[in-house]
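Remarks on the structure that follows.
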Amino acid sequence: MANPEHLRIVQQGVQVWNDWRTQCDPFVDLEEADLAEAQLSGANFSDARLQKAVFAHASLSGANFFGAQLHHVIFDAADLTGAKLIGARPVCASFLGANLTGADFRDAHLDFALFHFTNLESANFFHAELGFTVFAGARLVNTRELSNCRHLAPSSIDFATIHDSDRLPDVFLRGCGLTEELIRSLPSIRGESVQFYS
């Protein structure tokens, strides 16, 4: 359960929360906190314990989750534009309908994370760890460093994601578990012209 004092402070708003963290630099425990619809853009949650917290419909643009423990966190329909999740652990986290435009997932642990109907435009996945991660109806446009993800196990990626995204790197698709035959057929599935060479 969340530390009652920490929950009381974060509910007072971003300025109070960030000032408190700057002055005290405390160990933050907001495990299982209900922060649905909270206005927390720019909040500093670095290295915080946030397991099973609820941020559904919250405003979290530019928030800092560096190194945070985010197991089973619900970010459904949240605005995480430009959020910093470097080294964070959103294992089994749900991002249903979330806006992650420009989010930074460098070195994040995204095993079992659910990106359902999620906007990942211009997000950075450099050295992000994937395994049984689900991309369903996700938008991967100008998404960076997909070739440099670490695949610990296959992930799921549906045709809606493939169709609505930029052409995804073959190495990323292989890491997600797609066969070579299926990867070769993707241009025709996407409606692209297929080049034949004699």
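The values are calculated or read from the model by the stated rules, or taken from the named source; none is laboratory data. Quick caveat, the model's predicted, so the values are computed rather than measured. Cβ placement follows ideal geometry from the backbone for every residue including glycine, while neighbour counts extend to all protein chains displayed. These area figures cover heavy atoms from the full protein model, side chains too; ligands, DNA and RNA do not enter into them. Shrake-Rupley method; radii C 1.70, N 1.55, O 1.52, S 1.80 Å.
Each residue in the stretch 80-135 was checked for being under 16 Å from residue 53 (Cβ atoms) and in a strand (DSSP E or B), and 3 pass. Residue 152 meets all of the listed conditions (1) open to solvent by 60 Å² or more (accessible area, probe 1.4 Å); (2) closer than 21 Å to residue 60 by Cβ but one, namely (2).
As for the stretch 100-107, it holds at least one residue that is charged (D, E, K, R), more than 24 Å from residue 4 (Cβ to Cβ), at pLDDT 95 or above and buried (at least 21 other Cβ atoms within 10 Å of the Cβ). Scanning the stretch 164-196 for residues being touching a Leu at 6+ places or on another chain (Cβ under 7 Å), modelled with pLDDT of 90 or more and open to solvent by 30 Å² or more (accessible area, probe 1.4 Å) gives a total of 1.
Scanning the stretch 87-96 turns up no residue that is farther than 25 Å from residue 139 by Cα, crowded, with 20+ Cβ neighbours inside 10 Å and out of contact with any Gly (no Cβ under 6 Å at 6 or more places or on another chain).
Can you find a residue that is of a type in the set (Val, Ile, Thr) and open to solvent by less than 60 Å² (accessible area, probe 1.4 Å) anywhere in the stretch 24-33? Looking through the stretch 24-33, at least one residue is of a type in the set (Val, Ile, Thr) and open to solvent by less than 60 Å² (accessible area, probe 1.4 Å). For the stretch 124-136, a residue qualifies if it is of a type in the set (Gly, Ala, Ser) and either buried (at least 20 other Cβ atoms within 10 Å of the Cβ) or in contact with a strand residue (DSSP E or B) (Cβ under 6 Å, 6 or more places away or on another chain) (or both), and the qualifying residues are 128, 136.
Note on the stretch 34-70: residues that are within 23 Å of residue 112 (Cβ to Cβ) and open to solvent by 50 Å² or more (accessible area, probe 1.4 Å) amount to 7. Listed by first and then second residue, the pairs with beta-carbon distance under 6 Å, at least 6 apart or on different chains, first residue in the stretch 148-161 and within 9 Å of residue 129 (Cα to Cα), second of a type in the set (Phe, Trp, Tyr) and surrounded by 15 or more Cβ atoms within 10 Å (Cβ to Cβ), are 149/125. In the stretch 136-147, the count of residues that are of a type outside the set (Val, Ile, Thr), at pLDDT below 95 and not in a loop (DSSP other than H, G, I, E, B) is zero.
All of 170, 164, 104, 111 fail the test of being more than 21 Å from residue 60 (Cα to Cα) and within 12 Å of the chain's Cα centre (by Cα), apart from 111.
Remark: pairs (first residue in the stretch 29-56, farther than 17 Å from residue 81 by Cα and in a loop (DSSP other than H, G, I, E, B); second residue open to solvent by 10 Å² or more (accessible area, probe 1.4 Å) and of a type in the set (Lys, Arg); Cβ separation under 8 Å; 6+ apart in sequence or on different chains) = 30/49; 31/49; 31/52; 32/52.
Scanning the stretch 140-149 for residues that are closer than 18 Å to residue 183 by Cα and buried (at least 20 other Cβ atoms within 10 Å of the Cβ) yields 140, 146, 149.
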